[in-house]
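S.K.: Below you will find the structure I want to go over with you.
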Amino acid sequence: MSQEVPLLHILPKTVNENSAVVSDLSTRPDGLIPGTAIQSDLDIGAKHGGFALEEHSIDATPDLKVAAIGAGISGIVASVLLPIKVPGIQLTVIEKNSDVGGTWFENVYPGIRCDIPAHVYQSTFEPNTQWSEEYAQGREIRDYWQRIARKYDIYKYLRTNTKVLEAGWKEMAAQWTLSLENTKTGSKYEDSFDVVVTAIGRFNDWKLPDYPGIKTFAGHLRHASNWDPTFNPEGKTVAVIGNGASGLQVVPNLQKIVKRLDHYARSPTWIAGSFAGEGEGRKLEPNYFSEEQLRTFGDPFEYLKYRRRLEAKFFRRFETVFRGSDANKNLTRQFSTAMADRLKRKPEILDYILPSFSPNCRRLTPGPGYLEALTEDNVNFIPTPISEFTKDGIVTADKIERKVEAVICCTGANIDMLPPFPIKSQAGTLQDTWKPDPYTYIGIATPNFPNLLFIQGPNGTGVSGTVPNQIETQVTYIAQLLRKVKQQSIKTFSPLKEAADDFVEYSDAFFARTVWTDQCKSWANSGKPGGRIHGHWPGSASQLNIVRRSPRWEDWEWTYRSKTGNRFAYFGNGWTTKEEIPSEDSDLVQYLQQPHAVDLRIYHEEWFSV
């Protein structure tokens with residue numbers, strides 16, 4: 001019995017007058033030239049019902065032009081992982097500053113350091129075993145992330161000193177047009193991208209408070225996030241407004257050197273010993289690692305054991321966010337006792353600063369030295385609201401004017417999570433869509449804003465776990481999405497409104513169980529006590545990692561680049577690029593391994609092994 005020969009193998013070299021002429025049939029084993037159409041009366045595969053095959057291999061797809069806005073930690077991680085996980089991506093990273101690092105590049109105020117141990121505030125795949133302090137100072141964190149940027153050569157993607165003025169969706173082109181400004185030259189121009197990913201950070205859009213008369217103040221006036229390194233506060237009278245994270249760091253560091261410090265603090269706040277009970281917590285003085293500890297960290301096995309034990313504590317703190325839980329009650333007792341003890345020289349301050357809401361309603365802040373500084377003789381703690389500024393100082397609601405030479409505003413940043421530039425689609429602006437509250441699908445995208453993705457956007461980050469891990473898993477989710485878009489020749493993608501509505505409904509039901517819905521003012525609720533919660537993921541960080549591991553593609557709406565709109569047009573002409581390579585140079589059976597190396601849980605799931 002003769003072997004059956006595939007139809008295309010017997011096509012003549014010269015076909016009818018309406019067909020293409022093939023001059024060389026030796027390129028492939030079957031005699032077909034890759035990417036060349038062969039037409040004849042027998043060419044059943046080329047046309048059927050008006051549909052024409054696209055003459056390319058399934059994995060020969062156009063590059064995807066992607067813009068990431070921001071080069072803080074999120075932008076750096078995206079710049080490392082996306083080019084590796086999404087072959088063929090054309091990545092541009094747009095950064096308003098002159099270098100990478102985000103908040104750790106911008107913030108240089110006295111005492112700036114991370115409230116989280118350095119060994120859990122680093123990339124999970126590029127650990128630094130030699131952090132000098134348990135809680136690293138800002139410049140050491142900045143230097144660490146800039147080292148990663150250099151190691152992975154992300155500067156080749158970077159446009160520094162570039163500010164985004166506006167993002168506009170062009171429906172016909174299916175692209176975002178970004179209006180950009182070079183902050184050094186003032187020149188303005190536009191560029192277009194298939195996909196835009198915002199990595200602008202949660203606390204990056206600082207602004208001065210809008211008090212009456214603030215522009216008439218003649219002294220030194222700065223936001224803490226815009227600290228003037230030439231300013232010397234020593235021996236001066238200084239006012240510090242705000243008792244958020246930066247205020248708690250600035251006050252004890254200035255108190256030691258200024259003549260007088262007026263601290264305006266209207267909001268009660270819990271002062272924590274540590275975020276996750278990881279030890280004695282942060283102190284005002286540096287907590288250096290001993291030489292012996294650093295030598296121990298040089299042993300990869302010992303360091304991994306130390307790191308896993310420390311990081312796990314941050315994943316196990318989830319119970320403390322639930323209203324009425326034993327864990328939250330324990331925090332209330334623990335913090336109340338500690339705060340009273342630290343304020344024993346001026347116990348009256350406790351009445352103003354001890355919250356009536358539960359711990360974790362506002363972000364917990366370890367404030368080493370802060371409460372102690374408030375009890376010093378050169379510090380005035382002022383809970384009375386500010387009514388106005390004068391040329392020489394600040395007037396409170398009780399009509400008392402306090403003259404100062406300098407005012408440092410630790411009043412935080414944008415708390416509604418709105419991007420600092422307009423984002424416009426056919427549905428209107430994202431800013432209008434996100435009023436009164438931000439509205440997303442699983443914290444990563446918003447309906448009717450195609451090809452727009454967020455890193456650490458609204459509802460995008462779990463309260464437990466660690467920041468780098470959550471950024472990495474979110475970027476990995478985005479990578480999966482962009483691979484699908486590129487490989488399947490998808491033109492536009494956006495989450496279905498029904499899916500986003502279901503996510504919001506689930507979120508509201510979950511948050512009702514937590515202390516975040518207590519009557520406190522925080523960035524989690526846009527500063528509206530009792531308002532909707534958009535600052536956190538509705539669940540634990542461990543739960544979020546599971547959600548991101550298996551994307552629900554059925555929750556998305558897709559359109560395709562093929563002229564016919566056929567969703568399978570990206571199949572191409574039936575070939576793969578590896579089959580076009582001489583057999584000795586391509587591996588078509590990469591899945592075959594030594595049996596002991598096979599992990600059946602992920603077997604045949606690696607996207608890069610086909």
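The values are calculated or read from the model by the stated rules, or taken from the named source; none is laboratory data. All values derive from a computational prediction rather than experimental measurement. Virtual Cβ from ideal backbone geometry, glycine too; neighbours counted across all protein chains shown. Note: accessible area is taken over every heavy atom of the protein model, side chains too, but ligands, DNA and RNA are not part of it. Shrake-Rupley method; radii C 1.70, N 1.55, O 1.52, S 1.80 Å.
S.K.: Once the Cα atoms of helix 138-151 and of the chain are each reduced to a long axis, what angle between those two axes, in degrees from 0 to 90 to the nearest 10, is obtained?
M.R.: Taking Cα atoms only, the helix is inclined about 10 degrees.
S.K.: Can I ask one more? What accessible area per residue comes out for the stretch 179-245, rounded to a whole number of Å², with a 1.4 Å probe?
M.R.: 50 Å²
S.K.: Can you spot the aspartates and glutamates whose alpha carbon is less than 12 Å from K313's alpha carbon? Ignore those fewer than 8 places along the same chain.
M.R.: K313 reaches E278.
S.K.: A further question follows. Stick to Cα atoms and the Kirkwood definition of Rh, then tell me Rg/Rh for the stretch 388-458.
M.R.: Ratio of gyration radius to Kirkwood radius for the stretch 388-458: 1.26.
S.K.: Moving on to the next point. I need the peptides 133-140, 178-185 ranked by packing, meaning the mean over residues of other C-beta atoms within 10 angstrom, with the highest value on top.
M.R.: Highest to lowest by the protection proxy: 133-140, 178-185.
S.K.: Let me ask something else about it. Given labels modelled 7 Å from the Cα in the Cβ direction, how far is it in nm from M172 to E348?
M.R.: Using points 7 Å along Cα→Cβ, the separation is 7.1 nm.
S.K.: Could you calculate the FRET efficiency of R295 with F51 from 1/(1 + (r/R0)^6), where r is the beta carbon distance between them and R0 is 60 Å, rounded to 0.05?
M.R.: 0.35
S.K.: Compute the long axis of helix 245-255 from its Cα atoms, compare it with the longest principal axis of the Cα atoms of the chain, and write down the angle in degrees, 0 to 90, nearest 10.
M.R.: 40 degrees
S.K.: Distance between Cα centroids, the stretch 49-113 to the stretch 498-514: provide it in whole Å.
M.R.: One Cα centre to the other: 30 Å.
S.K.: Counting only heavy atoms of the protein chains, get the accessible area per residue of the stretch 262-391 (1.4 Å probe) and round it to a whole Å² value.
M.R.: Per residue, the stretch 262-391 has an accessible area of 53 Å².
S.K.: Another question, then. FRET efficiency for H604 and D59, Cβ-Cβ distance as r, R0 = 22 Å, nearest 0.05?
M.R.: That gives a FRET efficiency of 0.85.
S.K.: Now for a different question. Hey, how many Å between the Cα centroid of the stretch 168-199 and the Cα centroid of the stretch 346-403?
M.R.: Going from one Cα centre to the other spans 43 Å.
S.K.: Between the stretch 517-593 and the stretch 305-333, what is the separation of their alpha carbon centroids in Å?
M.R.: If you average the Cα positions of each part, the centres end up 30 Å apart.
S.K.: Once R0 is set to 41 Å, what does the formula 1/(1 + (r/R0)^6) return for the Cβ-Cβ distance between R266 and S562, expressed as a FRET efficiency to the nearest 0.05?
M.R.: Efficiency at R0 = 41 Å is approximately 0.10.
S.K.: Run down the aspartates and glutamates and flag those whose C-alpha is under 20 Å from the C-alpha of K259, throwing out any fewer than 8 positions away in its chain.
M.R.: Answer for K259, where 20 Å is the Cα cut-off: D228, E234, E372, E376, D377, D392, E401, E405, listed by chain and number.
S.K.: Follow-up. Could I have the simple spin-label model distance between N161 and D341, label points 7 Å from Cα toward Cβ, reported in nm to one decimal?
M.R.: Distance between label points: 5.3 nm.
S.K.: The stretch 402-521: Rg/Rh from Cα coordinates, Kirkwood Rh?
M.R.: Here Rg/Rh amounts to 1.05.
S.K.: I would also like to ask the following. Could you tell me how many cubic angstrom of Cα convex hull volume the stretch 179-262 has per residue?
M.R.: In the stretch 179-262, the Cα convex hull volume per residue is 160 Å³.
S.K.: Taking only DSSP H segments of four or more residues, each worth -39500 (n - 2.57), what value at 222 nm results for the chain once the sum is divided by all its residues, to the nearest 500 deg cm²/dmol?
M.R.: -7000 deg cm²/dmol
S.K.: On to the next question. For the stretch 43-149, what mean projected area does the convex hull of the alpha carbons give, in nm²?
M.R.: 10.2 nm²
S.K.: Tell me, for the chain, which Cys residues have no other cysteine's C-beta sitting closer than 4.7 Å.
M.R.: C114, C409, C410
S.K.: Between I400 and R333, 0.36 nm times their residue separation minus their Cα-Cα distance comes to what?
M.R.: 20.5 nm
S.K.: Which entries of K96/K403; K283/K346; K215/K283 have Cα-Cα distances beyond 26 Å here?
M.R.: The pairs that break the limit, which is 26 Å between Cα atoms, are K96/K403; K215/K283.
S.K.: Shifting gears a bit: Pairing the Cα long axis of helix 326-342 with the longest principal axis of the chain, what angle in degrees results, from 0 to 90 and rounded to the nearest 10?
M.R.: 40 degrees
S.K.: From the square roots a ≥ b ≥ c of the eigenvalues of the alpha-carbon gyration tensor of the stretch 513-610, which class results: rounded (a/c under 1.5), prolate (a/b over b/c), or oblate?
M.R.: It comes out oblate by the Cα gyration axes.
S.K.: Can you list the residues, at least 5 places off or on another chain, whose amide H is less than 5 Å from the amide H of D262, using H built in the peptide plane?
M.R.: So D262 has HN proximity to V238, A239, V240, N380.
S.K.: Once you have the Cα-Cα distance between F510 and T230, take 0.36 nm times their residue separation minus that, and quote the gain in nm to one decimal.
M.R.: Between F510 and T230, full extension yields 96.0 nm more.
S.K.: Another question, then. Determine ³J(HN,Hα), in whole Hz, for all residues of the stretch 179-194 in sequence, where each value follows from phi through the Karplus function 6.51 cos²θ - 1.76 cosθ + 1.60 and θ = phi - 60°; x replaces Gly and Pro.
M.R.: Computed from phi, the couplings for the stretch 179-194 are 8, 10, 9, 7, 6, 7, 9, x, 6, 10, 7, 10, 8, 10, 9, 5 Hz.
S.K.: Given a 1.4 angstrom probe, I'd like the percentage of the accessible area of the chain that is carbon and sulfur, rounded to a whole number.
M.R.: The value for the chain is 51 percent carbon and sulfur by accessible area.
S.K.: Also, I was wondering about something else. Give me the extension gain from K256 to K151: residue separation times 0.36 nm, minus the current Cα-Cα distance, reported in nm with one decimal.
M.R.: Between K256 and K151, full extension yields an extra 33.9 nm.
S.K.: Can you spot the lysines whose alpha carbon is less than 19 Å from K521's alpha carbon? Ignore those fewer than 8 places along the same chain.
M.R.: Hits, sequence-local ones excluded: K207, K435.
S.K.: State in Å² the accessible area per residue of the stretch 103-172; use a 1.4 Å probe, count heavy atoms of protein chains only, and round to the nearest integer.
M.R.: Value returned for the stretch 103-172: 43 Å² of accessible area per residue.
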